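Here the structure comes first, spelled out in C-alpha cells, and everything after it is commentary.
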Amino acid sequence: MFKKFTQSECAEEVLFIETPKRIFCRRCDALITDTTQTIAVGGRQVHRRTNPANIEFSFQCFSEAPGCQREGSYTFEHTWFPGNAWCFLLCGQCQTHLGWHFEGSGNFRALIIDRLRYERHN
C-alpha cells in the first residue's frame, strides 16, 4: 500500500533535499562556503598530498569559498596540480590557514578537511 502525501509534505521534503550544507572554519565558526561549490579536479573532489616539509593534507576542491581570503603571491613551486600556480587561503575572520587557491589551467580552492566543520542535516 502507498502512503498519500499532502502538497505541504512534498514541498518540505524538496526544500530539505535542495538546502546546501554550509561549511565553517573549525577554529572560529565563520561561514566559508557550502556544498553546492564542490567540484572535481583531476576526476576527484577529495585529494591527499604531502608538502615539501613532509606534512600530509587531505583537502576538498571548491569553485568558490567566499569566507576565505588569499594570502601571498602565486607560485608554481611545489604545485600539486601542474599548470596551476597557488597561494594560501586563510579564514577571512580568524586568519587560520584553510588551504590554497589554484590558478592557471584551472581555477579552484583546495580546503583542508580537518580545518573545516561541515553542517549536518538530521
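Key figures
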| read-out | value |
| --- | --- |
| Count of segment 109-122 residues which are buried (at least 20 other Cβ atoms within 10 Å of the Cβ) and either farther than 19 Å from GLU77 by Cβ or touching a Ser or Thr at 6+ places or on another chain (Cβ under 9 Å) (or both) | 3 |
| Which numbered condition ALA65 fails, given (1) within 17 Å of ARG115 (Cβ to Cβ); (2) in a strand (DSSP E or B) | (2) |
| Test result for GLY106, farther than 19 Å from ARG22 by Cβ, modelled with pLDDT under 95 and surrounded by fewer than 17 Cβ atoms within 10 Å (Cβ to Cβ) | yes |
| Out of THR79, THR96, sole residue that is in contact with a strand residue (DSSP E or B) (Cβ under 9 Å, 6 or more places away or on another chain), touching a residue at least 60 places away in the same chain (Cβ under 8 Å), of a type in the set (S, T, N, Q) and surrounded by 12 or more Cβ atoms within 10 Å (Cβ to Cβ) | THR96 |
| Meets criteria (buried (at least 16 other Cβ atoms within 10 Å of the Cβ), more than 12 Å from the chain's Cα centre (by Cα) and either closer than 24 Å to LYS21 by Cα or without any contact (Cβ under 8 Å) to a residue 40 or more places away in the chain (or both)) for ASN84 | yes |
| Some residue of segment 99-116 being farther than 17 Å from HIS47 by Cα, touching a Phe, Trp or Tyr at 6+ places or on another chain (Cβ under 6 Å) and not acidic (Asp, Glu) | no |
| Top-ranked residue of segment 68-88 - restricted to ones that are hydrophobic (A, V, I, L, M, F, W, C) and touching a His at 6+ places or on another chain (Cβ under 8 Å), ranked as nearest to ARG117 (Cα to Cα) | CYS68 |
| All positions within segment 45-65 that are hydrophobic (A, V, I, L, M, F, W, C) and in contact (Cβ under 8 Å) with a residue 40 or more places away in the chain | VAL46, PHE57, PHE59, CYS61, PHE62, ALA65 |
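The values are calculated or read from the model by the stated rules, or taken from the named source; none is laboratory data. Worth saying up front: this structure is predicted, and the values here are computed from it rather than measured. Note that each Cβ is placed from the backbone with ideal geometry, even for glycine, and that neighbours are counted across all protein chains shown.
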